[in-house]
Each structure stands twice: as C-alpha cells, then as structure tokens.
Amino acid sequence: VSSFDEASCLSRYQSYLYRRASLHKPSKYLISKLRNYEHVHRSCGPSTKSYNKIMRKGAKFSINETSRECKYLVWTSANGLGNRMITLVAAFLYAILTDRVLLVRYGADMIGLFCEPFPDSSWLLPKNSPCWEDLKHFETHESLLMNNKVNNSQDELLPPFLALNLTHIHVGHTNLFHCDRSQDLLQKIPVLILWSNQYFVPSLFMISLFRQDLSKMFPDKDTVFHHLGRYLFHPSNEAWKLIQKSYEAHLAKANERIGLQIRVFNIHHPPHQTIFNEIIACTLQNKLLPELDMLNSSATSPLKKQTSKAVLVVSLYSEYGEKLKTMYQENTTVTGDVIRVYQPSHEEHQNSNDDMHNIKAWTEIYLLSLCNALVTSPRSTFGYVAHSLGGLKPWILQGVYGKTIPDPPCQRAKYMEPCFQYPPEYDCRANKTIDFPSIFNHIKHCDDVSSGLRLVNDYH
Ligand code: GDP
C-alpha cells in the first residue's frame, strides 16, 4: 500500500477544488505501469541496497552485473522551467519504458517547486552521487554509437555511466537516439545522465521496442503530457500557497477565466504595441473577450445577463496587463460583461537559476492551466506546459514580422501535446533523411514550428 504524507504536499489533496476533472481518463494499463514504476522506484531509489551498490562502486561497477540490478536515468536541468518540465515528462516516460529509476539532479533553484512524486521514496539525486560531476567527464552516447561497441562480446568495454545528450543541437544525422540499435546498446548501461531541453516523446514512439507498450498505455496519444504531467507535478506547499492566494483573490469569483500567455523572445522586434494589437485582434475575433461599447449602448439593455470574466495576463512585461486593464476600466463592453484583468508578476528578465523567479513562473503556469480558455505564444514551452496540464487546446498567436498583424492573428490548436521543436530527421534503416509524418500516422508537424513534430491521435 502506497502512502504520502498529506501535510508535506497539500496540493495533491486540494487541487481538485480548483481544477476541473480531466476529460481524459488514463488507461488501466497506464495506471498499472505507474503502480509498477512506483514499486521499482521504492526498491531501487536512493539509500536502497541496489542504489548504494551502483552509485558507490561508480566506475568500478562491472557491466556484467547490470542485468540483475536496478538501472537509473538521471535528469539534469537545461533552459527555463517550461523546457525543464517537458523534458522531465519525456524522461519519466523513457524511465517507465526501460525499467529505469528517474532521479533528478536539482540545484537550489528547483528544490522548492514540486512535491516528491513517488510514494515512500525520493526522486532527488543524493548529493554524494558521482552523477553530480560535470557531464564533460562522462562518455557520450554518440561516441559510443559511433565507435560501434554494440557487439555483445565487447560488453565489458561499456561504461557504467553515460551522458545522453538530447538537446536541440542534435538534429539531423547526429541524432540516433530513436534508432532501435541505439536502444539495444543503451539498455545495457546502468546509469544514463540525460541532458535535454526537448520534448523527445515522439522519438520514443518511433522505437519498435516501445511501440506496443506505448499504444496500450496511451490509446489517445494526444494525452501523454496531460496524464504524466498531472501525475508528476504537484506544487510544493510554498508554491501552492501562492497559487491559492492568487486564485482566490483574482480568479475564483469570475464566471469565466481567460489566460493570455505572452512570451516575447526579442523585445526589440516586433514592438510590444504590435503584439498587444495582435492579442486584442485574436481575443475579439474569437469572442474570448467582448468588444468595447463605444456608443454606450449596453446601458440601454439592463435585462441582459452579465457575466464576469477574469483575464489572467502572464508575461515578463508589465505593459500587457496595464494596457488591457486600462482598456476595460475606461470603457464598458457591448455585451455588458465585466472584465477584470490580473497580471501576477512582471519579472522583466528571464532568470532561470533563481528559486523565487522559478516559483513565480511555476505559479503562473499553474494558474494558466486553471483557465477555461488560453491564448499562448508560438514556440514557447512555458505555454505548452500550461495548456497540456490544463487539458486545453489554446489559440496560438501567429509569429509577427514587421508591424502588420497577421491575418488571422491566432489559430486554434487541434491538439494538447507539446511540440518536439528540434526532432531527428534520420531514417535509421534507410540511412537517409526522412520526413517522419510520411511514415508514422500518429506523428505530424507542429502548428507553431513547422519543422517540429508532435503526436496526434490515430483517428485524426
Ligand atoms: P520558453 O523559453 O518560452 O520556451 O519557456 P521556458 O519556461 O523554458 O523559459 C522561459 C523562462 O523565462 C521561464 O521559465 C521563466 O523563468 C521566464 N518567463 C518567461 N515568461 C514568463 C512569464 O510570463 N512569467 C514569469 N513569471 N516568468 C516567465
């Protein structure tokens, strides 16, 4: 029987009060895989006999002992919180598929964000593990594959620790992770240390060894992040307090909550005003927000039922919230709806190695996921996490080039899954470049990144 300490993670028991129940039910098979994973984590996690054996022996561990022992996948952080959360989910799925135990190499900037996800154990990599060393000190999976040490008779040449680099710099022909033969090799390595900023889940669906298991786990492939993200990410008590406070004060009383996530990658171009105009065009055209009542006509129809809408503005810059607030404070709306605008923070700069900065980012991602509708920025993993956790299909703003607002200004996403922005392009069998959607009917290009890949449901 698994157990959690309720007081150490209040959000696990209280989130149902804030979040609508998911429309997507996890399959029975997924649930059994999760229970099984928890069991493996409990028996192989930090301070167990198996853990000590491998981690203490370090380089002296003989690879021949591996098949009977626990294996590990160590996650390391790269980029901002959105990137980190999408890679954590991808890593967790890879760990489930390969019977590895997922351990996270957290700096102080990540410690206070999430609760422990697995019962009766910890996912924090202990401080005395050799995996804390600089990744440069470990052999990489590319060099191993290139040197072609796949031959069984050479197993003793395999290192016990290996750096697995799945960052965006590995695209095209150098990314061989999705090849069956890479997996044959990787499964012999006791400890993989992952370094990634990509949602590499579509790669896992390309590997024949995993395909059957994945189809059973996810009859609806569009729900991988939604289910695993909700399973893994419970706000810590500190983050939960902030989420509750913001929600109660600014969002709870509204009939409808609209989230606007405005990520500007280059603050010089396009200007904030152009992006603001684009957002207004998007929200008005799609009736997410009402038009302003320039003629003051709604005052003449007092019988109309008023709804109140809370607009949650999430951005590094204060301009967006302020402009929108002024707009709806100084005008009435044609529908008579009352619009209240709330922007929790404006950090001005990305500062991903700071703990309070990350707590604010996590709080805002979570609040966005509680909205009824979302408008998100293209190419932003911050936005991906918010909409996937919320089970929402967002309106994605179009990229703006120059001063003209694109027509249409935004498009409704047809899916919930995050985009794998820099996917492989290499066909392992044919030894040439390939367009993966042409051979897999559950993989398509993303709407916001045309060279990216995403999972879709089979019946699409
Ligand atoms: P991406 O760069 O949009 O794909 O998202 P990431 O989350 O990986 O990196 C952006 C980081 O910048 C976030 O994790 C935050 O630290 C910060 N950031 C960006 N936009 C916002 C925002 O709207 N609110 C807050 N609080 N932080 C933000």
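Among the candidates SER11, SER47, the residue that is touching a Ser or Thr at 6+ places or on another chain (Cβ under 9 Å) and surrounded by fewer than 12 Cβ atoms within 10 Å (Cβ to Cβ) is uniquely SER47.
In the set (1) farther than 21 Å from PHE177 by Cα; (2) away from the ligand (no atom under 16 Å from the Cβ); (3) open to solvent by 40 Å² or more (accessible area, probe 1.4 Å); (4) not hydroxyl-bearing (Ser, Thr, Tyr), ASP355 fails one condition alone, (2).
A Cβ distance below 8 Å, combined with a sequence gap of six or more or placement on separate chains, defines the contacts here; from the stretch 251-269, residues that are touching a residue at least 12 places away in the same chain (Cβ under 8 Å) reach residues that are surrounded by 12 or more Cβ atoms within 10 Å (Cβ to Cβ) and of a type in the set (Phe, Trp, Tyr) in the pairs LEU251/TYR342; LEU260/TYR320; GLN261/PHE382; ILE262/TYR317; ILE262/TYR320; ARG263/PHE382; VAL264/TYR317; ILE267/TYR317. Taking residues in the stretch 431-456 that are farther than 14 Å from MET416 by Cα, and partners anywhere that are modelled with pLDDT of 95 or more and β-branched (Val, Ile, Thr), the pairs with Cβ atoms closer than 7 Å and at least 6 places apart or on different chains are PHE436/ILE443; PRO437/ILE443.
When residues in the stretch 159-207 are screened for being over 24 Å from the mean Cα position of the chain (by Cα) and open to solvent by 10 Å² or more (accessible area, probe 1.4 Å), 10 of them pass. Only residues that are in a loop (DSSP other than H, G, I, E, B) and under 30 Å from the mean Cα position of the chain (by Cα): list them for the stretch 334-349, please. GLN343, PRO344, SER345, HIS346, GLU347, GLU348, HIS349 - these are the residues of the stretch 334-349 that are in a loop (DSSP other than H, G, I, E, B) and under 30 Å from the mean Cα position of the chain (by Cα). Taken over the stretch 313-333, the criterion of being touching an Asp or Glu at 6+ places or on another chain (Cβ under 8 Å), in a loop (DSSP other than H, G, I, E, B) and away from the ligand (no atom under 11 Å from the Cβ) is satisfied by ASN331, THR332.
For the stretch 377-388, the criterion of being free of Cβ contacts under 8 Å to residues at least 60 places away in the same chain and within 30 Å of ASN296 (Cβ to Cβ) is met by none of the residues. Within the stretch 418-460, the residues that satisfy the criterion of being closer than 24 Å to LYS216 by Cβ, assigned to a loop (DSSP other than H, G, I, E, B) and not hydroxyl-bearing (Ser, Thr, Tyr) are PRO418, PRO423, CYS428, ILE439, PHE440, ASN441, HIS442, VAL456, ASN457, ASP458, HIS460. From the list THR376, THR433, THR381, the one residue that fits, being farther than 18 Å from ASP458 by Cα and more than 16 Å from the ligand (Cβ to nearest atom), is THR433.
In the stretch 335-351, the condition of being more than 8 Å from the ligand (Cβ to nearest atom) and of a type in the set (Gly, Ala, Ser) is met by at least one residue.
Hey, does the stretch 89-107 have a residue that's in contact with a His (Cβ under 9 Å, 6 or more places away or on another chain) and either within 16 Å of the ligand (Cβ to nearest atom) or open to solvent by 10 Å² or more (accessible area, probe 1.4 Å) (or both)? No: zero hits. Among the residues of the stretch 360-367, at least one is open to solvent by 30 Å² or more (accessible area, probe 1.4 Å) and near the ligand (Cβ under 8 Å from one of its atoms).
For the stretch 210-245, filtering for residues that are under 30 Å from ILE280 (Cβ atoms) and open to solvent by 20 Å² or more (accessible area, probe 1.4 Å) leaves 2. Take LEU214 and tell me if it is outside any helix (DSSP H, G or I), out of contact with any helix residue (DSSP H, G or I) (no Cβ under 6 Å at 6 or more places or on another chain) and not acidic (Asp, Glu). No.
Every test in (1) within 16 Å of the ligand (Cβ to nearest atom); (2) farther than 25 Å from GLU347 by Cβ is passed by GLN306 save one, and that test is (1).
Does LYS403 count as basic (Lys, Arg), more than 16 Å from the ligand (Cβ to nearest atom), touching a helix residue (DSSP H, G or I) at 6+ places or on another chain (Cβ under 8 Å) and open to solvent by 10 Å² or more (accessible area, probe 1.4 Å)? Considered against the rule, which asks whether it is basic (Lys, Arg), more than 16 Å from the ligand (Cβ to nearest atom), touching a helix residue (DSSP H, G or I) at 6+ places or on another chain (Cβ under 8 Å) and open to solvent by 10 Å² or more (accessible area, probe 1.4 Å), LYS403 comes out as yes.
The values are calculated or read from the model by the stated rules, or taken from the named source; none is laboratory data. A quick note: this is a predicted structure, and the numbers were derived from the prediction, not measured. All Cβ positions, glycine included, derive from the backbone under ideal geometry; neighbour counts span all protein chains shown. Side chains included, ligands, DNA and RNA excluded: accessible areas come from the protein's heavy atoms. Shrake-Rupley method; radii C 1.70, N 1.55, O 1.52, S 1.80 Å.
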